[in-house]
Structures are given as structure tokens and as C-alpha cells.
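Structure record follows, encoded as C-alpha cells.
The values are calculated or read from the model by the stated rules, or taken from the named source; none is laboratory data. Worth saying up front: this structure is predicted, and the values here are computed from it rather than measured. Glycine gets a Cβ as well: all are built from the backbone with ideal geometry, and neighbour counts include every protein chain shown. Only protein heavy atoms, including side chains, enter the accessible area calculation; ligands, DNA and RNA are left aside. Shrake-Rupley method; radii C 1.70, N 1.55, O 1.52, S 1.80 Å.
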Amino acid sequence: MYTRYAEQVGWKVEVLDAQDTDLGGYKSVTVAVKATGHQEGGPYGRLKFEGGVHRVQRVPVTESQGRIHTSAAGVLVMPDVEADEVELNDDDLRIDVYRSSGPGGQGVNTTDSAVRITHLPTGVVVSCQNERSQLQNRESAMRMLRARLTQLAEAQAAAAASDARKSQVRTVDRSERIRTYNFPENRITDHRIGYKAHNLDQVLEGAIGPVLDALAEQDLAERLAEVGG
């Protein structure tokens, strides 16, 4: 869904890490999304409200009784951070190298090219195994680590400001169910703002602009209300 939306608006999507499952899907995927020109609204500005739990309701092809099964995917959205914006001490990092586990072609699975970095003070762990080079995987993992530490610091700062009214839209909680995709009804529902539309098939093909617009409008309205109040 996000890749197709990015293609439609002219953004570049780079897969930093992907971990496959035995069922033919993905356990996790980390991507970097970059604007390629001067489009209105950058990737983070447009997608920052997507963080949270996305619930899927569908009838699997293996379901003989037509019962609806529920599953979920967690989404975490972070701004990309330059190396000089986050100070990292080498003594605070534990770097492990190991053999890539996913299908990556000859050379990827036969050398210890995958990299896992643990930030000891916070316990944040990132890993990357998509590239053939251990150096490339390390660079991508460091990029992911900087973004995660920045997001963690912002979350802690927001929690510390307990006297400020929390915005319903701007609060990002990875455990919060923010949206439901109902396949039998071809319906998408965003629970934070009461958005509902029966065009799930189009949304999955990248037509998520209207819900992103609705979230941005709600956030702006709440910000203006805070200033006025």
C-alpha cells in the first residue's frame, strides 16, 4: 500500500531490511522513503500519522465456513536523521555480525554479512541483512538506529510534558489500534477521526491520499484549538 502510494506521488522507496517468514510473507520490513523533487509535503509529513496497529479482517481462502479472521500489523514511522544530528558513543554499541537467513542470492547467505547493533544504554536493537556487504549493512543499521533513538527521545519528551493536552491524532502508540481494513465489506476505517470509506481495494493499490488528508486536517484543527484555548 505505502509502496504504491509512494510510486504515485513520485517518491523513492529503499528497502533497508526485510525478514521473510516460512509462509511466504514478511515478519518485518524496514524501508526508507525519500522525495525525489519538490513535492508538496515530504514523506514524513504525510506518513507520520500512520504509526500504530493496523487491523485486518478477512476471510482466508482456507476458511471453509466463511468466518472472518483478524490479524494485525504494527507500523512505526520515524524521520530520517543525519549522522551529525545524533551523537553515538562507540562504547555504547554492541555490534554482532552473523549469516543472513533470507533468500538473497549467492554470496549473501554464505558470509557473515548481516549486522545487528544494540544500543546498550537504551536497549534498542536494529539489524540489517539485505546488502551483500557487511559495511553496507552496518551503515543501514546505524541509519535505523539514529532514527529509532530520535523517535524514542521525542516520545520521552512528549510523555514528560504531561501537563500539555495530548492530541488524539498526534499521539503515536505502537499498541494503539488506529485503523481497520475489512475485506468482506471493502471498508477502511480510521478509528481516531471516525473516517470510513468503502474503497479498500483502491486503498491497497495506493489510494490512501484522502485518509492522509483527513488526518492532517484533524491535526491542524487540534493545533489551532490549542493555540486559541
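How much accessible surface does Glu205 have with a 1.4 Å probe, in Å² rounded to 10?
100
For a protection proxy built on the mean count of beta-carbon atoms within 10 angstrom, sort 137-144, 90-97 highest first, please.
137-144, 90-97
What's the extension gain from Leu88 to Gln65 if we count 0.36 nm per residue and subtract their Cα-Cα distance?
Length difference between fully extended and current span is 2.8 nm.
Leaving ligands, DNA and RNA out of it, rank Lys27, Lys48 by accessible area with a 1.4 Å probe, largest first.
Largest to smallest exposure gives the sequence Lys27, Lys48.
In nm, give the distance between the simple-model label positions of Arg99 and Gln156, each being 7 Å from the Cα along the Cα-to-Cβ direction.
3.8
Sort largest first and round to whole Å: the equivalent ellipsoid semi-axes of the range 64-103, each the square root of five times a Cα gyration tensor eigenvalue.
With the √(5λ) rule applied to the range 64-103, the semi-axes are 39, 19, 10 Å.
Leaving ligands and nucleic acids out of the surface, order Tyr181, Tyr98, Tyr26 by accessible area at 1.4 Å, largest first.
Tyr26, Tyr98, Tyr181
Would you mind calculating the gained length between Val75 and Asp22 on full extension (0.36 nm times residue separation, minus the Cα-Cα distance), in nm to one decimal?
The span from Val75 to Asp22 would gain 17.0 nm if fully extended.
In sequence order, what are the phi-derived ³J(HN,Hα) couplings for the range 84-89 according to the Karplus relation 6.51 cos²θ - 1.76 cosθ + 1.60 with θ = phi - 60°, rounded to whole Hz, with x for glycine and proline?
7, 8, 10, 8, 10, 8
How much solvent-accessible surface does Val61 expose, in Å² to the nearest 10, with a 1.4 Å probe and all protein chains in place?
The value for Val61 is about 150 Å².
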